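S.K.: Attaching a single structure in structure tokens format; questions to follow.
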Amino acid sequence: MTYATLKTDVASWLIDATATNKIPSFIRLAEAAIRRDVRVPAMDATASAALVAGVISLPADFIEVKRLVIDGYVHEFKPAEVIQQMETDGYATSGSAGRYYTRIGQTLRVLNGGTSTYSLLYVAKFAELSGDSDTNWLLDNASDVYLFKSLHYGSAWLRDKAAAESYEAMYQGAVGALVLAERMSQFSGPLSMNVSGA
């Protein structure tokens, strides 16, 4: 499926021709909602490099941190004000304990980070749709998520409250089904059974 196909589907479901030129806007709003609502393994991404004065610049597609490892140690998130206070107090990391980071704007700041090497596992947003031939994993695998949320915004623009609420319910159902299916796929494959004494 492509962006062009999605726009055609949204137009055919909305029926009202006055909304046609607004469809790209409905889809952009849908993408913003999807970034907040959907979390599936296909969104996992990694980045690695060296810290720059204890700072990591976040990737352009970044949504949230899943795991941060620096020089072999997993680091724990702390609020920015806590990190600031720890720095003021001269807190020093030692061994495997007391390794922390925080987020400030579009960066991660690591307590006493220096120029160590990091490995970041994070949730990445799906590529946004703009050109008619564009697609992404979500549009290919769960186009109903895109469709129903776009229709929700389209119905809201048309001031059709009942339709907007109906499409929102369908969207939530599609997201729930997607998340469940992806969770189950993590454990798919042949089952094995150990027989005692075999």
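The values are calculated or read from the model by the stated rules, or taken from the named source; none is laboratory data. Bear in mind the structure is a predicted one, so any value in this text is a computation, not a measurement. Backbone-built Cβ (ideal geometry, glycine too); neighbour counts: all protein chains shown. Note: areas computed on protein heavy atoms with side chains; ligands, DNA, RNA excluded. Shrake-Rupley method; radii C 1.70, N 1.55, O 1.52, S 1.80 Å.
S.K.: In whole percent, how big is the carbon plus sulfur part of the accessible area of the range 1-157, probe 1.4 Å, protein atoms only? Could you put the intermediate results ahead of the total?
M.R.: Values: 3960 of 7930 Å².
Ligands and nucleic acids excluded, carbon and sulfur give 50 percent.
S.K.: Which of VAL40, VAL82, VAL55 moves the most in a Gaussian network model of the chain with Cα springs under 10 Å?
M.R.: Maximum among the listed residues: VAL82.
S.K.: Of the listed values (1) 1.03; (2) 1.12; (3) 0.95, identify the label whose number matches Rg/Rh (Cα atoms, Kirkwood Rh) calculated from this model.
M.R.: (2)
S.K.: Can you list the trypsin sites (Lys or Arg not before Pro) in the range 146-183 that are in a DSSP coil and have 15 or fewer other beta carbons within 10 angstrom?
M.R.: Working: sites: LYS149, ARG159, LYS161, ARG183; in loops: ARG159.
Here the sparse-neighbourhood loop sites are ARG159.
S.K.: At 1.4 Å probe size, put VAL145, VAL179 in order of accessible surface, largest to smallest. Please report the intermediate quantities before stating the final value.
M.R.: Numbers: VAL145 0, VAL179 35 Å².
Accessible-area ranking of VAL145, VAL179, largest first: VAL179, VAL145.
S.K.: If you don't mind, another one. What lysines does LYS149 reach when the alpha-carbon gap must be under 25 Å and sequence neighbours fewer than 8 apart in one chain are set aside?
M.R.: LYS7, LYS22, LYS125, LYS161
S.K.: Another question about this same structure. Evaluate the distance, in nm, between pseudo-label points positioned 7 Å from the Cα of THR2 and of ALA177 along their respective Cα→Cβ axes.
M.R.: If labels sit at THR2 and ALA177, their model points lie 2.6 nm apart.
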